[in-house]
Amino acid sequence: MQVGYLEIVTSEVDAVSAAYAASHGVTFSEPIAALGGAVVASLAGGGQLGIRAPLRADEEPVVRPYMLVEDIEEALLEAQRAGGQVAVPAMPLPGQGTCAIYLLGGVEHGLWQSE
């Protein structure tokens, strides 16, 4: 299992990204529209860390890992079979991959299929 994308949603994007940059020695990109305006840094071993502001007024702060999968549709079906509820169906992100979110155990879980 590997994290393909780790998303942090916060109203304090500048402060959080500055703290990560200072404490981990990483550099963040300019905001990427396809990722909801997230600023992004590379993770060791692959994957990315994205920090973005809420996209809607009722979006709560969250840290959401997106686990890499070979087949996102099949992974979503397996999550549903385990009792998960699809919150965001498979959604292509131009130039990035495809993501999906499901809810299980009171937690938001992300899936990520690379392009």
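The values are calculated or read from the model by the stated rules, or taken from the named source; none is laboratory data. Only a predicted model underlies this, so the values are computations on that prediction, with no experimental measurement involved. Here the Cβ positions follow ideal geometry from the backbone for every residue, glycine too, while neighbour counts run over all protein chains shown. The accessibility values were calculated without ligands, DNA or RNA, using every heavy atom of the protein model including side chains. Shrake-Rupley method; radii C 1.70, N 1.55, O 1.52, S 1.80 Å.
Computed quantities for the displayed model
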item: Residue match in region 79-96 (condition: in contact with a Cys (Cβ under 7 Å, 6 or more places away or on another chain) and either of a type outside the set (Asp, Glu) or at pLDDT 95 or above (or both)); result: yes
item: Hey, residue 4 open to solvent by less than 50 Å² (accessible area, probe 1.4 Å), free of Cβ contacts under 8 Å to residues at least 60 places away in the same chain and of a type outside the set (A, V, I, L, M) or not; result: no
item: Enumerated strands (runs of 3 or more DSSP E) restricted to region 10-115, each holding at least 3 residues that are open to solvent by less than 60 Å² (accessible area, probe 1.4 Å) and in contact (Cβ under 8 Å) with a residue 24 or more places away in the chain; result: 48-52, 62-68, 97-104, 107-113
item: Breaking point among (1) modelled with pLDDT under 95; (2) at negative phi, for residue 100; result: (1)
